[in-house]
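The structure under discussion appears below in the form of structure tokens.
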Amino acid sequence: EDKVVQSPLSLVVHEGDTVTLNCSYEVTNFRSLLWYKQEKKAPTFLFMLTSSGIEKKSGRLSSILDKKELSSILNITATQTGDSAIYLCAVQASGTYKYIFGTGTRLKVLA
Amino acid sequence: DVKVTQSSRYLVKRTGEKVFLECVQDMDHENMFWYRQDPGLGLRLIYFSYDVKMKEKGDIPEGYSVSREKKERFSLILESASTNQTSMYLCASTESRSYEQYFGPGTRLTVT
């Protein structure tokens, strides 16, 4: 059965800290891995990683796909209170329209 | 800029009622999805549609049905609402060749 596991489930840090969120997956015929940020409403897209694009960066956020370990990390440097959110990881397999989501990591950044 | 809208942000219904949740997207996307989100369980796929009048069951379709009569609109129907269907419902859409899902704002449904 395909599955996506995120860790930790929750995390509390102080402003300025660096955090690393983890996502591991078991999916037949991996196609892509996506990261989303969810505040109080709809998830918003952060990154997409594929076999041809295993590293992405945007400002203080960056993400790497480890195809050998079947996992991905999301790094946030110099965290701010506005980074407080649930971070979701989703994986899509080839030949399917479905996305399998992890349960998310709840990040709280204290001032 | 893609926009996905959902008919209600908050909804309170009684057990046994028939409930309609509507989702509309304005970017001519082929694929549309309905998820429910519960604490500790993440997003779980209820149904998805890859074309007008085409639908496929997701992981938890029991107690739900869907309708897609027009490309831009995907409806989720709870035939007889039950308290265990109290949840946040999220709609999403994608182009057929795009990996990125665009989400609506969600409908928080409470069944009493």
Exercise. So which residues in region B:23-34 are within 11 Å of chain A (Cβ to nearest Cβ) and outside any loop (DSSP other than H, G, I, E, B), if there are any at all?
Worked result: B:Asn31, B:Met32, B:Phe33
Seminar exercise, completed: Counting only residues in region A:31-52 that are modelled with pLDDT of 90 or more and hydrophobic (A, V, I, L, M, F, W, C), the one surrounded by the most Cβ atoms within 10 Å (Cβ to Cβ) is identified as A:Leu33
Exercise. Are there any pairs, at least 6 apart or on different chains, whose C-beta atoms fall under 7 Å, with the first in region B:97-112 and under 22 Å from B:Glu30 (Cα atoms) and the second among the β-branched types (Val, Ile, Thr) and not in a strand (DSSP E or B), and if so, which?
Worked result: B:Tyr102/B:Val2
Problem set entry | strands (runs of 3 or more DSSP E) enclosed by region B:35-112 - at least 2 residues per element that are surrounded by 21 or more Cβ atoms within 10 Å (Cβ to Cβ) | B:42-51, B:73-78, B:87-94, B:107-111
Seminar exercise, completed: Checking A:Glu55, A:Glu69 in turn, the sole residue that is of a type outside the set (Ser, Thr, Tyr), farther than 28 Å from B:Ser8 by Cα and in contact (Cβ under 8 Å) with a residue 24 or more places away in the chain turns out to be A:Glu69
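For (1) among the aromatic types (Phe, Trp, Tyr); (2) touching a strand residue (DSSP E or B) at 6+ places or on another chain (Cβ under 6 Å), each residue gets a yes or a no:
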residue	(1), (2)
B:Lys18	no, no
B:Asn31	no, yes
B:Tyr64	yes, yes
B:Ser67	no, yes
B:Ala81	no, yes
B:Tyr102	yes, yes
B:Leu109	no, yes
Problem set entry | Residue satisfying all of: in region A:86-111; farther than 19 Å from B:Ser93 by Cα and out of contact with any Gly (no Cβ under 9 Å at 6 or more places or on another chain); farthest from the other protein chains (Cβ to nearest Cβ) among these | A:Ala111
Problem set entry | Counted residues, region A:87-111 - those being farther than 17 Å from A:Ser71 by Cβ, in contact (Cβ under 8 Å) with a residue 24 or more places away in the chain and in contact with a Phe, Trp or Tyr (Cβ under 7 Å, 6 or more places away or on another chain) | 1
For this session: Among what's in region B:1-16 and is closer than 18 Å to B:Thr86 by Cβ and surrounded by 13 or more Cβ atoms within 10 Å (Cβ to Cβ), pick the residue that is nearest to the other protein chains (Cβ to nearest Cβ).
Result: B:Gln6
Exercise. How many residues, within region B:93-107, are within 12 Å of the chain's Cα centre (by Cα) and either more than 7 Å from chain A (Cβ to nearest Cβ) or aromatic (Phe, Trp, Tyr) (or both)?
Worked result: 3
For this session: Report whether or not B:Leu41 is away from chain A (no Cβ under 14 Å) and free of Cβ contacts under 8 Å to residues at least 60 places away in the same chain.
Result: no
Exercise. Got a number for residues in region A:2-61 being more than 21 Å from B:Asp38 (Cα to Cα), within 11 Å of chain B (Cβ to nearest Cβ) and among the polar types (S, T, N, Q)?
Worked result: 2
For this session: Enumerate the pairs (first residue in region A:18-39 and β-branched (Val, Ile, Thr); second residue anywhere and at pLDDT below 95 and crowded, with 19+ Cβ neighbours inside 10 Å) with beta-carbon separation below 6 Å, excluding pairs fewer than 6 apart on the same chain, so at least 6 apart or on different chains.
Result: A:Val27/A:Val91
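The values are calculated or read from the model by the stated rules, or taken from the named source; none is laboratory data. Since this is a predicted model, take the numbers as computed values, not measurements. Quick reminder, even Gly has a Cβ in these numbers, built from the backbone with ideal geometry, and neighbours come from all protein chains shown.
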